[in-house]
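Input: a single structure, listed below in structure tokens.
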Amino acid sequence: MKVLFASSEVWPLLKTGGLADVSYSLPHALYEEGTDIRLVMPAYRKVLESIESFSIAGWLTIELAGKSHNIRVLSITHPEFSIPVWLIDDQHLFDREGNPYSHPDGYEWPDSAERFTIFAKAVSQLAMDALNIGWKAEVVHSNDWQTGLVSAFLEEETERPRRVFTIHNMAYGGYFSHDEFRHLQLPAQWWSANGVEFYGNFSMLKAGIVYSDAVTTVSPTYAKEICTPEFGCGLEAVLRHRQYKLSGILNGIDTNAWNPSSDSLIPYHFSEKRRNPGKRKNKKALLEAFGAHVDEKKLNAPLLGLVSRLVEQKGVDMVLEVIPQILANTDATFVLKGSGHGFFENRLRQLAAAYPEHVFISIGYDEAEAHLVEAGSDIFLMPSRFEPCGLNQLYSLAYGTLPIVHRTGGLADTVMDAYMEDGETLNPEANGFVFTPPTTEALYQSIEKALDLYAQKTHWNHLQRNAMNGDYGWTVSAQAYLDIYKNSPNHY
Ligand code: ADP
Ligand code: GLC
């Protein structure tokens, strides 16, 4: 089966979050299952700088707003990829400093409506074999708002492939104004409540939901949550009316890149059977890397880690509030790694200055440090207010670093609390700590429970074994996608 997989981010070429990890690992898992799959993403400057070589696969002419854009399609060679990767190369749109969505100074690119409309149109043409290479997609799998218009453009084609759209996060709707819609001269028939229109603006995410034959999101619980006002970001009714084509498929992880027994980014390897010496050495390395003075006392004290985009979603404010409370009566240490809103970055700096022996931070994006935090911490904090799936709790489980999570989305589907409903009996199947509601108080209580069990090595070992023995790979979920590729009707 020929599948074109479109995403704005693909690890290791360009990553701002979990979308990039999934856009690498899922297509590879599908390839392992025998799928003839190709990836397509924009040729961002960072991507062009990181590839060893490329060839020109062909040219596309994209007509938009009375202008013709001549776009190069590059085919890259990269040691990490077993599958073909195409880049949509338009210097004017994608070859810039900064990240895909914003200028280095932090403001959003003002022309993203045009950039991702052209990208989407290019993807739809590639799917229809516009390069004339004898490869026409049977399925186009688009991801998040940046690719939402792919399905809308394919609506115009009679012999079109099946259109599958995955929502990784409802909070990013790809909203643009009506003026922008007119300026881009997008098809007038799209402008309706059953099309892309959303309260007087237009939404590329909504386009993906409306015009795709199947819509998936990245966990079963989030698939239910987004049909409610609390999580639907205004699109809950649109989703509720389309529940017949909506499903939740849990993300897997790349078990080569995120595997404590072979991870090339951590100094000491370990496995479920032989975890303690390796984890302890990584703990020491992590503390030292973050500038701590390490002695036996420090190594024995619980170490709580966090790796996160520093945004409202992730509940970073709760972590900032809870740390002084925890430090008032324990000897815990915290290592916090993240980047995002300047407000949170500054508060992290203030906290580290206030507790120089117990709070260590690293602001910025660094893949190797993220792996070290997962490997060296005892406990991982992930109190997200909402979490479509979440990958960090899965990495934590695989590394025997017990996660503390809020019961929501994919966190609820993957972490099982140490205690049964009564709050007293230990759950023999547990692999972490789950709290609700998303308040500092509930987080505090969950951390207290975790620290209590940390001191009881038999229980802790049992939880760690459960966590590390879990299967977090793609096998089951890749089959679920294949089922949708094969069996969903190719009209919505
Ligand atoms: P989201 O996509 O919402 O950010 P996920 O848990 O799905 O959440 O994925 C986050 C991914 O980004 C993980 O691979 C995590 O390790 C990585 N990540 C987040 N922040 C950083 C950072 N500052 N440095 C390195 N990696 C980070
Ligand atoms: C989004 C979500 C995250 C999910 C990731 C990959 O960034 O916030 O929960 O794991 O996409 O699907």
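The values are calculated or read from the model by the stated rules, or taken from the named source; none is laboratory data. Predicted model only: the values in this text are computed from it and were never measured. Note: ideal-geometry Cβ built from the backbone for every residue, glycine included; neighbour counts use all protein chains shown. Just the protein is used for accessible areas: all its heavy atoms, side chains included, with ligands, DNA and RNA removed. Shrake-Rupley method; radii C 1.70, N 1.55, O 1.52, S 1.80 Å.
Just one residue in the set 38, 72, 45 is in contact with a Pro (Cβ under 7 Å, 6 or more places away or on another chain), away from ligand 1 (no atom under 16 Å from the Cβ) and modelled with pLDDT of 95 or more; that residue is 38.
The residues of segment 26-52 that are part of a strand (DSSP E or B) and within 15 Å of residue 83 (Cβ to Cβ), listed by number, are 36, 37, 38, 39, 40, 41. Of the residues 445, 393, the single one that is part of a helix (DSSP H, G or I), open to solvent by 20 Å² or more (accessible area, probe 1.4 Å) and either of a type outside the set (D, E, K, R) or not assigned by TED's automatic domain parsing to the domain that holds residue 333 (or both) is 445. Scan segment 61-92 for residues that are touching a residue at least 24 places away in the same chain (Cβ under 8 Å), in contact with a His (Cβ under 8 Å, 6 or more places away or on another chain) and closer than 28 Å to residue 182 by Cβ and jot them down. Correct list: 62, 65, 90.
The set of residues in segment 266-277 being open to solvent by less than 70 Å² (accessible area, probe 1.4 Å), under 29 Å from residue 412 (Cα atoms) and of a type outside the set (Phe, Trp, Tyr) consists of 266, 271, 272, 275. Only residues that are out of contact with any strand residue (DSSP E or B) (no Cβ under 6 Å at 6 or more places or on another chain) and within 17 Å of residue 312 (Cα to Cα) were counted across segment 340-362, and they come to 4.
Counting only residues that are more than 18 Å from residue 112 (Cα to Cα), more than 16 Å from ligand 1 (Cβ to nearest atom) and open to solvent by 10 Å² or more (accessible area, probe 1.4 Å), how many does segment 145-186 have? Qualifying residue count, segment 145-186: 7.
Suppose the filter is in a helix (DSSP H, G or I), assigned by TED's automatic domain parsing to the domain that holds residue 310 and of a type in the set (A, V, I, L, M, F, W, C); does residue 348 pass it? Answer is yes for this residue.
Looking across segment 1-13, the residues that are open to solvent by 10 Å² or more (accessible area, probe 1.4 Å) and either free of Cβ contacts under 8 Å to residues at least 40 places away in the same chain or within 16 Å of ligand 1 (Cβ to nearest atom) (or both) come down to 11, 12. Screening 55, 23, 68 for residues that are surrounded by 15 or more Cβ atoms within 10 Å (Cβ to Cβ) and either in a strand (DSSP E or B) or under 24 Å from the mean Cα position of the chain (by Cα) (or both) leaves exactly one candidate, 23. Of the residues in segment 221-229, at least one is open to solvent by less than 10 Å² (accessible area, probe 1.4 Å), within 16 Å of ligand 1 (Cβ to nearest atom) and either among the hydroxyl-bearing types (Ser, Thr, Tyr) or not assigned by TED's automatic domain parsing to the domain that holds residue 59 (or both). Only one entry in 451, 463, 482 is touching a residue at least 24 places away in the same chain (Cβ under 8 Å) and within 24 Å of the chain's Cα centre (by Cα), namely 482.
In segment 377-403, the qualifying residues are those that are within 13 Å of ligand 2 (Cβ to nearest atom) and among the charged types (D, E, K, R), and the one that is nearest to residue 18 (Cα to Cα) is 387. Can you name the condition, by its number, that residue 99 falls short on among (1) within 27 Å of residue 169 (Cβ to Cβ); (2) away from ligand 1 (no atom under 16 Å from the Cβ)? Exception for residue 99: condition (2).
Checked against the criterion of being of a type outside the set (Asp, Glu) and under 20 Å from the mean Cα position of the chain (by Cα), the candidates 291, 248, 278 yield just one match: 248. If you go through segment 337-353, how many residues are away from ligand 2 (no atom under 16 Å from the Cβ), touching a residue at least 12 places away in the same chain (Cβ under 8 Å) and open to solvent by 40 Å² or more (accessible area, probe 1.4 Å)? Matching residues across segment 337-353 total 3.
Looking at segment 85-182, the strands (runs of 3 or more DSSP E) lying wholly inside it that each contain 2 or more residues that are in the same structural domain as residue 236 (by TED's automatic domain parsing) and either at pLDDT below 95 or under 20 Å from the mean Cα position of the chain (by Cα) (or both) sit at 139-143, 162-167. Out of 319, 335, one residue alone is of a type in the set (Val, Ile, Thr), under 27 Å from the mean Cα position of the chain (by Cα) and assigned to a helix (DSSP H, G or I). It is 319. For beta carbons closer than 6 Å, sequence separation of 6+ or different chains, a first residue in segment 157-179 that is touching a residue at least 12 places away in the same chain (Cβ under 8 Å) and a second that is open to solvent by 50 Å² or more (accessible area, probe 1.4 Å) and not in a loop (DSSP other than H, G, I, E, B), the qualifying pairs are 175/201; 177/201. A single entry from 133, 118 fulfils the requirement of being touching a residue at least 40 places away in the same chain (Cβ under 8 Å), away from ligand 1 (no atom under 16 Å from the Cβ) and surrounded by fewer than 16 Cβ atoms within 10 Å (Cβ to Cβ): 133. Filtering segment 230-263 to residues that are of a type in the set (Phe, Trp, Tyr) and surrounded by 19 or more Cβ atoms within 10 Å (Cβ to Cβ) leaves 231, 258.
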